[in-house]
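*Asks:* Quick one: the structure is below, questions incoming.
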Amino acid sequence: MPIGKLGLALTTREIMSLVSKDLERVEQEFRLEAVGSVEAVSQIAQYLQANGGKRLRPILLLVSCRLFQTPSPEAIRLAAVVELIHTATLVHDDVIDEARTRRGKASANIIWGNQTSVLAGDWLYMQAFQIALRQRSFEILDLLITLTQQMVDGELLQLERIGKIDITEADSMELIDRKTASLFSACTRLGAIAASATEQQQAMLGEFGWNLGMAFQLVDDILDFTSRESVLGKPVGNDLREGKVTLPLIYALQSATPQERAMVQTVLDDNNYSRVAFEEIRALVNRHQGIERARARAHEFTAKSRELLGNFADTPARTALFAATDLVADRDR
């Protein structure tokens, strides 16, 4: 059951009250580390930083660390690292998807062009690894290298499947695992590593983050059908327009008629809604319970993440992580 706008406001407040000062230090670290010798790199990084975002990934790292201790300078640097990596993926994703907006504003590739944006994304990746290298920890480097490989693998898999209607639930889960859940898992595990938690605690927090990341992306896929552009910050129905068949539509297609499948195929062929309106696709997904089934699947992952939190002591940090699961499951953007 959705917890309502007031409930979401309260959960956000709970989390931010715990990490707001830590986040200020992360923002400062990000700002300092995202200055390149070429002006375009600094401009793109500053533009994206000023463009907002939830900072959910560094928040997860910081709160995970607070399960054991106050975040150290190492934890702050690692939080900046994950935000740099996330920012790099956004720049690259927008180029690949030919996106025109990001969080309601023009995307970097529209302002600076594809070539500059790709190179800026590469620089941000390398800068993230440069910062991580200062920790002199093979464990951290191994985790980040594996993460980056998984995310690139996910992007390549997605490109292979663009425009294909016969995408399975397993295909969808594999993409979410590589492109989103792996980063969430790395964030929570890095928080535990920075706090010198045990290997078992690191593993449990990594699993918590993975389940939360799976739920986060599933809700994102749902919002592409249910939200409004003014709320989402990008056009609704964008996934299908870009040739991506996500879980709500996968579920709907399982019981769709040949005529309904033909409608979806038309949008995939056209890469637009000129012949088939988005409202027709949204109605199709609703008619076959695609949204309900995908939401139930997301709630399975958040339930597992909450179960994992039961292994940790009842502290303000654990309360904040519980709140994060509510925030992910019931958000509208």
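Rule-based calculations on the coordinates, nothing more; no lab input. The structure displayed is predicted, hence computed values, not measured ones. Neighbour counts are summed over all protein chains in view; Cβ atoms, including those assigned to glycine, are modelled from backbone coordinates with ideal geometry.
*Asks:* Where does helix 138-161 land angle-wise versus the long Cα axis of the chain, in degrees 0 to 90, nearest 10?
*Replies:* 10
*Asks:* Can you give the helix-only mean residue ellipticity at 222 nm for the chain, where every DSSP H stretch with n ≥ 4 adds -39500 (n - 2.57) and the sum goes over all residues, rounded to the nearest 500 deg cm²/dmol?
*Replies:* Numbers: 17 runs with 249 residues, N = 333.
Result for the chain, helices only: -24500 deg cm²/dmol.
*Asks:* Considering every Cα-Cα pair within region 4-330, what fraction, in whole percent, is farther apart than 31 Å?
*Replies:* Details: 16794 of 53301 pairs.
Everything past 31 Å amounts to 32 percent.
*Asks:* A follow-up question, please. In percent, what relative contact order does region 4-330 have, based on Cα pairs under 8 Å that are 6 or more apart in sequence? Don't skip to the end; give the middle numbers.
*Replies:* Working: 452 pairs, mean separation 70.0, N = 327.
Reported as a whole number, the value is 21 percent.
*Asks:* For region 42-51, take each phi angle, set θ = phi - 60°, evaluate the Karplus expression 6.51 cos²θ - 1.76 cosθ + 1.60, and give the result in whole Hz per residue in order, putting x for glycine and proline.
*Replies:* 3J(HN,Hα) across region 42-51, in whole Hz: 5, 5, 5, 4, 5, 4, 5, 5, 6, 7.
*Asks:* Take the alpha-carbon positions of region 101-184, form their convex hull, and give its projected area averaged over all directions (one quarter of the hull surface) in nm². It would help to have the intermediate numbers written out before the result.
*Replies:* Numbers: hull surface 29.1 nm².
Result: 7.3 nm².
*Asks:* Along Cα→Cβ, 7 Å out, is where each label goes; now give me the distance between the ones at Thr319 and Thr146 in nm to one decimal.
*Replies:* That separation, rounded to one decimal, is 3.4 nm.
*Asks:* Separate question: Set the bar at 23 Å for Cα to Cα. Now go through Lys21/Lys304; Lys54/Lys164; Lys54/Lys105; Lys244/Lys304 and name every pair that lies beyond it.
*Replies:* Working: Lys21/Lys304 30 Å; Lys54/Lys164 32 Å; Lys54/Lys105 15 Å; Lys244/Lys304 27 Å.
Pairs exceeding the cut-off: Lys21/Lys304; Lys54/Lys164; Lys244/Lys304.
*Asks:* Same structure, new question: For region 65-80, just list the computed ³J(HN,Hα) in residue order, Karplus coefficients 6.51, -1.76 and 1.60, θ = phi - 60°, integers in Hz, with x standing in for Gly and Pro.
*Replies:* 4, 5, 4, 10, 6, 5, x, 7, x, 4, 5, 4, 5, 5, 5, 5
*Asks:* Could you tell me which of rounded, prolate or oblate describes region 264-303, using a ≥ b ≥ c as the square roots of the eigenvalues of the alpha-carbon gyration tensor, with rounded for a/c under 1.5 and, failing that, prolate when a/b is larger than b/c and oblate otherwise?
*Replies:* In terms of gyration-tensor shape, prolate.
*Asks:* Calculate, in nm to one decimal, what Thr266 and Arg13 gain on full extension: separation in residues at 0.36 nm each, minus their alpha carbon distance.
*Replies:* Roughly 86.6 nm would be gained on extension.
*Asks:* Continuing with this model, one more query. Could you work out which residue, out of Leu78, Leu223, Leu183, moves most in a Gaussian network model of the chain, that is, has the largest mean-square fluctuation with Cα springs under 10 Å?
*Replies:* Sorting by GNM fluctuation, first place goes to Leu223.
*Asks:* Follow-up. As I understand it, the value is the acute angle between the Cα axis of helix 114-133 and the longest principal axis of the Cα atoms of the chain; what does it come to in degrees, rounded to 10?
*Replies:* 30
*Asks:* What does a probe at Arg134 reach in region 171-203, counting residues whose amide N is under 17 Å from the point 7 Å along Cα→Cβ?
*Replies:* Flagged as within label range: 194.
*Asks:* Right, here's the next one. Taking only Cα atoms, what is the 0 to 90° angle, nearest 10, from helix 316-330's long axis to the longest principal axis of the chain?
*Replies:* The angle comes out at about 10 degrees.
*Asks:* Along the Cα→Cβ direction, 7 angstrom out, place labels at Lys164 and Arg287. What is the inter-label distance in nm?
*Replies:* Placing both labels 7 Å along Cα→Cβ, they lie 2.7 nm apart.
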